[in-house]
Amino acid sequence: MWWKDLRATLSQSINVEGISLSASVLVKDHHLILPHVLVPDIRYIDWGELQRRGFKGVVFDKDNTITVPYSLALWGPLVSSIERCKSVFGNDIAVFSNSAGLFEYDHDDSKARALEKAVGIEVIRHRVKKPAGTAEEIEKHFGCKSSQLVMVGDRPFTDIVYGNQNGLLTVLTEPLSLAEEPFIVRQVRKLEMSLLNYWLKRGIKPISHDLLPDAMECVKDPTPL
Ligand SMILES: [Mg+2]
């Protein structure tokens, strides 16, 4: 069992599908790593504005987006923003993670169930790691088109590439804590951010989203704690 867990942890850190897809992102599809919105954390997102624009639900990455890595508890300062998001979108929010709910890593479903119990947000079960895979599970879960959903995550090569490829509005947050991350993940993150900044400086723009052509309209100053 320890080998199964170790292998799952390693494969969570070294995402083979992600790496091969990243090669194509580096060469020709560089706009895919550009988020529509870049914010320090989810407190800067105006959930009400997103709903007014026609979005039906929100998909959150887990690690370093709403919890610190390997934790099952929401990061304290984000609780009020999550509550606001729930009050706007009701049950139409979910976690889509490469840890909890990913069959390969969470083979007995225990992490997904524990996270649902701890944070009160449903976890979408899936078999293919972001950024690979389609939006099939997500569309089935929400009962709407993926273009009516928002993907929020902290990794350009996984969360943002996945969201852009599948037509979601993409929001990139800064990571909550680097202390828990394995060394290799920190190095890949640095590379991702360098590339993102490189393309932004050269005027490459994200693919425009029909429901929110000026994506910055959903960004607000965070509510003071
Ligand atoms: Mg993450």
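The values are calculated or read from the model by the stated rules, or taken from the named source; none is laboratory data. All figures in this text were calculated on a predicted structure; none of them were measured in a lab. Note that each Cβ is placed from the backbone with ideal geometry, even for glycine, and that neighbours are counted across all protein chains shown. When the accessible area is computed, the model is the full protein with side chains, heavy atoms only, and any ligands, DNA or RNA have been set aside. Shrake-Rupley method; radii C 1.70, N 1.55, O 1.52, S 1.80 Å.
Structure notes:
- When the stretch 116-144 is filtered for residues that are farther than 19 Å from Gly57 by Cα and in contact with a Leu (Cβ under 9 Å, 6 or more places away or on another chain), the ones remaining, listed by number, are Lys117, Ala118, Arg127, Val128, Lys129, Pro131, Ala132.
- Applying the condition of being within 16 Å of the ligand (Cβ to nearest atom) and in contact with an Asp or Glu (Cβ under 9 Å, 6 or more places away or on another chain) to the stretch 67-90 and asking which residue is farthest from Lys220 (Cα to Cα) yields Tyr70.
- Count of the stretch 46-62 residues which are outside any loop (DSSP other than H, G, I, E, B) and either away from the ligand (no atom under 16 Å from the Cβ) or modelled with pLDDT under 95 (or both): 7
- Each residue in the stretch 166-191 was checked for being away from the ligand (no atom under 13 Å from the Cβ) and at pLDDT below 95, and 6 of them qualify.
- Residue check for Ile93: open to solvent by less than 50 Å² (accessible area, probe 1.4 Å), within 17 Å of the chain's Cα centre (by Cα), within 14 Å of the ligand (Cβ to nearest atom) and of a type in the set (Val, Ile, Thr): no
- Test: residue in the stretch 127-140 that is in contact with a Pro (Cβ under 6 Å, 6 or more places away or on another chain) and modelled with pLDDT of 90 or more: no
- All positions within the stretch 28-45 that are open to solvent by 20 Å² or more (accessible area, probe 1.4 Å), modelled with pLDDT of 95 or more and assigned to a helix (DSSP H, G or I): Arg43, Tyr44
- Of the residues making up the stretch 198-215, those that are over 18 Å from the mean Cα position of the chain (by Cα) and open to solvent by less than 70 Å² (accessible area, probe 1.4 Å) number 5.
- Any hit, the stretch 68-82, residues being closer than 19 Å to Ile138 by Cβ and under 14 Å from the mean Cα position of the chain (by Cα): no
- Considering the conditions (1) surrounded by fewer than 19 Cβ atoms within 10 Å (Cβ to Cβ); (2) within 16 Å of the ligand (Cβ to nearest atom); (3) more than 14 Å from Val59 (Cβ to Cβ); (4) not basic (Lys, Arg), Ser99 is excluded by exactly one of them, (1).
- Test: residue in the stretch 153-176 that is open to solvent by 80 Å² or more (accessible area, probe 1.4 Å) and either without any contact (Cβ under 8 Å) to a residue 12 or more places away in the chain or in contact with a His (Cβ under 7 Å, 6 or more places away or on another chain) (or both): no
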